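Student: What follows is a structure written as structure tokens; I'll ask about it next.
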Amino acid sequence: MFEILTLQDCQEACLKNCSCKGAIYYQNLGYCSFLSQVLSFKESDGGASVENFSVIIKVQNSAISQSPNKTYTSPSIIPPRKKQNTIVIVGSILGAIFFVFLICIFIFLRSRKGFQEVEEDYLDNVLGTPTRFSYEDLKNITNNFSNKLGEGGFGSVFHGVLPSASEVAVKNLVGFGPVNKSFIAEVQTIGSIHHCNLVTLVGFCAEKLNRLLVYEYMANGSLDRWIFNKNRETALGWQIRKKIICDIAKGLSYLHQDCIQKILHLDIKPQNILLDENFNAKVSDFGLSKILGKEQSQVVTTMRGTPGYMAPEWLSSVITEKVDVYSFGIVVLEILCGRPNVDGSQQEEDRHLLALFRRKQEEGKLMDLVDKFSNDMQSNAAEVVEMMKVAAWCLQAEYAKRPSMSKVVKLLEGSVDVADKPNESFLNGLPTETMDGFASTVLPSMLSGPR
């Protein structure tokens with residue numbers, strides 16, 4: 001019991017005290033007495049009587065009283081049933097999406113398998129194609145592609161040995177999609193070409209996404225290894241160089257005039273001339289080739305090839321077989337001079353072979369250009385200069401003035417009249433500007449021989 005002033009004060013004091021279950025307020029005395037338990041009230045017959053008192057009982061109210069100036073918020077709680085329904089809905093949506101995804105994969109694999117079966121049937125029924133190898137066959141032939149011969153723009157080349165003990169070069173093409181008729185047509189065309197100065201396509205593989213071409217093996221590799229090599233011990237003599245030039249001319253002449261369909265190589269350069277063990281030269285890499293009908297004399301095509309070997313008419317995109325003649329002329333000069341047509345190691349005035357060629361002719365010092373690592377070349381000066389004339393004849397700026405490759409072959413074999421040979425002003429028709437800055441776009445194709 002403690003002294004307190006009013007009934008209201010007694011009531012508020014009980015509300016603030018958690019152990020207070022009720023209170024008695026004695027008005028006469030001004031006292032407030034807390035009750036920790038309230039069981040019952042009754043007036044006692046005995047004892048002193050106290051008048052004027054009030055009894056306060058604390059009861060639990062189900063409604064929360066709110067003052068007008070205060071807002072009470074309760075936390076958002078998702079009822080258990082509603083939460084369970086949300087989980088079921090989300091799970092159903094995810095399950096449906098996954099099911100549709102599985103169906104799409106199944107349809108894709110089914111159609112892919114069907115396409116491959118159609119592809120297999122198509123290849124089996126195509127006549128005139130070279131030998132078809134399985135991918136497993138070529139893995140065995142190349143000892144799991146362990147002996148790498150080189151790498152070109154369209155893939156890597158590996159050495160292999162057929163069951164017959166014949167050596168081959170297997171080119172693994174990269175970046176090619178499914179087999180199509182143009183791929184098969186090109187394989188058929190190149191596979192049907194048989195000439196001693198063209199690399200033979202032995203077979204191919206078109207299995208799933210694997211694209212491989214099998215060529216005859218050329219033991220001495222590409223021409224650039226021999227003519228750009230600054231080593232007197234391995235420098236080629238004049239007779240070998242002259243034979244290589246003649247071999248290249250014969251190979252191109254066959255492509256241009258003796259095939260069922262005229263074929264423009266479009267990328268003649270030393271890297272695409274391969275040499276066998278006896279230094280017989282063969283033209284390779286038909287990856288950029290353009291096949292024309294016999295009745296076609298020219299074609300409009302996208303610029304392609306290698307800068308430095310490209311004829312001026314590429315700027316117009318209207319080309320003939322004379323673009324190969326121009327490239328042949330550049331290669332002949334490189335064979336004679338033992339250096340590339342653009343040589344960054346040279347002084348500025350000697351960097352471009354065509355400009356240097358013109359200047360030395362005007363100075364009467366053409367023999368200064370001849371490969372200095374070959375004594376045999378120096379001792380055959382007269383024949384070397386005559387070959388330079390042939391190169392210049394092929395390098396005329398106007399393509400109509402260039403000879404055909406068949407005429408070049410006749411000239412090299414000595415069967416053409418002297419009157420038909422280029423005269424002493426053979427450099428007058430050369431392009432006045434070098435071609436090293438003439439950028440080109442090399443387009444991927446489905447065929448590419450060993451590089």
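Student: Which of the numbered conditions does Gln257 fail, given that it passes all the others? Conditions: (1) touching a Gly at 6+ places or on another chain (Cβ under 9 Å); (2) not in a loop (DSSP other than H, G, I, E, B).
Tutor: (1)
Student: When Val409 is evaluated against the numbered criteria (1) surrounded by fewer than 23 Cβ atoms within 10 Å (Cβ to Cβ); (2) outside any helix (DSSP H, G or I); (3) of a type in the set (A, V, I, L, M, F, W, C), which criterion, by number, is the only one it fails?
Tutor: Only one criterion is unmet by Val409, namely (2).
Student: In addition: Does Ile248 satisfy the condition of being touching a Pro at 6+ places or on another chain (Cβ under 7 Å) and in the same structural domain as Glu321 (by TED's automatic domain parsing)?
Tutor: Judged against the criteria, Ile248 is not a match.
Let's see how each residue does on (1) among the polar types (S, T, N, Q); (2) in contact with a Pro (Cβ under 7 Å, 6 or more places away or on another chain); (3) surrounded by fewer than 18 Cβ atoms within 10 Å (Cβ to Cβ); (4) modelled with pLDDT of 95 or more:
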position	(1), (2), (3), (4)
Arg241	no, no, no, yes
Ser253	yes, no, no, yes
Ile260	no, no, yes, no
Asn272	yes, no, no, no
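Student: Can you tell me which residue is surrounded by the most Cβ atoms within 10 Å (Cβ to Cβ) among those in the stretch 306-338 that are touching a Phe, Trp or Tyr at 6+ places or on another chain (Cβ under 7 Å) and assigned to a loop (DSSP other than H, G, I, E, B)?
Tutor: By that ranking, first place goes to Ala311.
Student: Please go through (1) more than 17 Å from Glu321 (Cβ to Cβ); (2) at pLDDT 90 or above; (3) within 40 Å of the chain's Cα centre (by Cα) for Leu412 and return the number of the only condition it doesn't satisfy.
Tutor: Looking at each condition in turn, Leu412 falls short on (3).
Student: Right, another one. Go through Asp267, Asp258 for me and flag whichever is within 18 Å of Gly329 (Cα to Cα) and outside the structural domain of Ser156 (by TED's automatic domain parsing).
Tutor: Testing whether each residue is within 18 Å of Gly329 (Cα to Cα) and outside the structural domain of Ser156 (by TED's automatic domain parsing) leaves just Asp267.
Student: Here's something else I'd like to know. Please go through the stretch 357-367 and give me each residue that is over 13 Å from Ala392 (Cβ atoms) and surrounded by 13 or more Cβ atoms within 10 Å (Cβ to Cβ), ordered by number.
Tutor: Across the stretch 357-367, the qualifying residues are Arg359, Met367.
Student: Additional query: If only one of Ser317, Ser327 is more than 19 Å from Asp368 (Cβ to Cβ), modelled with pLDDT under 90, within 30 Å of the chain's Cα centre (by Cα) and assigned by TED's automatic domain parsing to the domain that holds Asp376, which one is it?
Tutor: Matching residue, one of Ser317, Ser327: Ser317.
The values are calculated or read from the model by the stated rules, or taken from the named source; none is laboratory data. None of these values were measured; they are calculated from a predicted model. Counting neighbours? That spans all protein chains shown, and the Cβs are built from the backbone with ideal geometry, glycine included.
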